[in-house]
Amino acid sequence: MRRAELVFTVMAALLVVSTLGYAAKVGDPAPAFTVKDTKGMEHKLSDFKGKYVVLEWQNKDCPFVQKHYNSNNMQKLQREWTGKDIVWLTVLSSAPGKQGYLTGAQADTWVAEKKAAPTAFLLDPSGAMGRAYGAKTTPHLFVIDPKGNLIYNGAIDDKPTTELSDVPGARNHVSAALSEAAAGKPVSVPAAAPYGCSVKY
């Protein structure tokens, strides 16, 4: 029995290591993807070459996501940056039957209710895109530069709580990364531990 437990533990550790090995790393080319949006239209990373791209992992039932949508923080960010010709893709990797899963029509209804403004809402029920990036939480955000390289990976800000009152005083890592990169400066905080609910693969 002990031998079986040891084998299981080693296999589990190897699985974790192999999963981490495939996670997107800052400075490396962002993993390519081809994913359909809520209306069935395909989107590829290569479609956005020459533009900054923000990827935002979402789960409407997660209180950490609700913090940023109920405070209108996420919508403001989406409008601000898409208004500057930056591509903002909201990604849902919840599997069918898991928390936060939505059909395309349900996702469109949610976007309308929240007055969200992403460039597109991508549906990743297989979890392939989420695993390629190593998306761990909702929210979890990534910023890709016009050359297709990852320049930010992590939390939306430095206040890992569900309190709406923490939004105004937080340092928004995504806005900072975009602003610094657009100004030709190195990103001062290229990675920060993501916080939120686990992605429901």
So for the range 179-186 (the condition being of a type outside the set (D, E, K, R), out of contact with any helix residue (DSSP H, G or I) (no Cβ under 6 Å at 6 or more places or on another chain), crowded, with 19+ Cβ neighbours inside 10 Å and in contact (Cβ under 8 Å) with a residue 24 or more places away in the chain), does at least one residue qualify? no
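For the range 163-186, give me the residue count where each residue is assigned to a loop (DSSP other than H, G, I, E, B) and more than 24 Å from Lys67 (Cβ to Cβ). Even if it seems obvious, please write down each step before you answer.
Quick first cut of the range 163-186, residues assigned to a loop (DSSP other than H, G, I, E, B) only: 163, 167-171, 183-186.
Add one more test, that the residue is more than 24 Å from Lys67 (Cβ to Cβ), and what stays is 183-186.
Of the residues in that region, 4 qualify.
Can you tell me which residues in the range 83-108 are of a type outside the set (Gly, Ala, Ser) and out of contact with any helix residue (DSSP H, G or I) (no Cβ under 7 Å at 6 or more places or on another chain)?
Restricting attention to the range 83-108, the residues satisfying the condition of being of a type outside the set (Gly, Ala, Ser) are 84-92, 96, 98-99, 101-103, 106, 108.
Of everything in the range 83-108, those that are of a type outside the set (Gly, Ala, Ser) and out of contact with any helix residue (DSSP H, G or I) (no Cβ under 7 Å at 6 or more places or on another chain) turn out to be Lys84, Asp85, Leu89, Thr90, Pro96, Lys98, Gln99, Tyr101, Thr103, Gln106, Asp108.
Restricting attention to strands (runs of 3 or more DSSP E) lying wholly within the range 76-156, give those where 3 or more residues are under 20 Å from Pro29 (Cβ atoms) and in contact (Cβ under 8 Å) with a residue 24 or more places away in the chain. It would help to see each step written out before you state the result.
Values: elements: 87-92, 120-123, 141-144, 150-154.
Filter on the range 76-156 gives 87-92, 141-144, 150-154.
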Here is a check on your reading of the model: is Val189 surrounded by 18 or more Cβ atoms within 10 Å (Cβ to Cβ) and modelled with pLDDT of 95 or more? no
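With the requirement that a residue be under 21 Å from Gly148 (Cβ atoms) and charged (D, E, K, R), what does the range 65-91 give you?
Residues of the range 65-91 under 21 Å from Gly148 (Cβ atoms): 81-82, 84-91.
Across the range 65-91, the qualifying residues are Lys84, Asp85.
So if I check each of Glu56, Glu80, which one is crowded, with 21+ Cβ neighbours inside 10 Å, under 15 Å from Val174 (Cβ atoms) and touching a helix residue (DSSP H, G or I) at 6+ places or on another chain (Cβ under 8 Å)? Give the derivation first.
On the way: Glu80 fails: crowded, with 21+ Cβ neighbours inside 10 Å.
From the options Glu56, Glu80, the qualifying one is Glu56.
Criterion first (at pLDDT below 95, more than 29 Å from Glu163 (Cβ to Cβ) and assigned to a loop (DSSP other than H, G, I, E, B)) does Lys51 satisfy it? Working first, answer last.
Working: at pLDDT below 95: no; more than 29 Å from Glu163 (Cβ to Cβ): yes; assigned to a loop (DSSP other than H, G, I, E, B): yes.
Here the answer is no, as Lys51 does not meet what is asked.
The values are calculated or read from the model by the stated rules, or taken from the named source; none is laboratory data. These numbers come from a predicted model, not from an experiment. Here the Cβ is made from the backbone with ideal geometry for all residues, glycine too, and neighbour counts use every protein chain on show.
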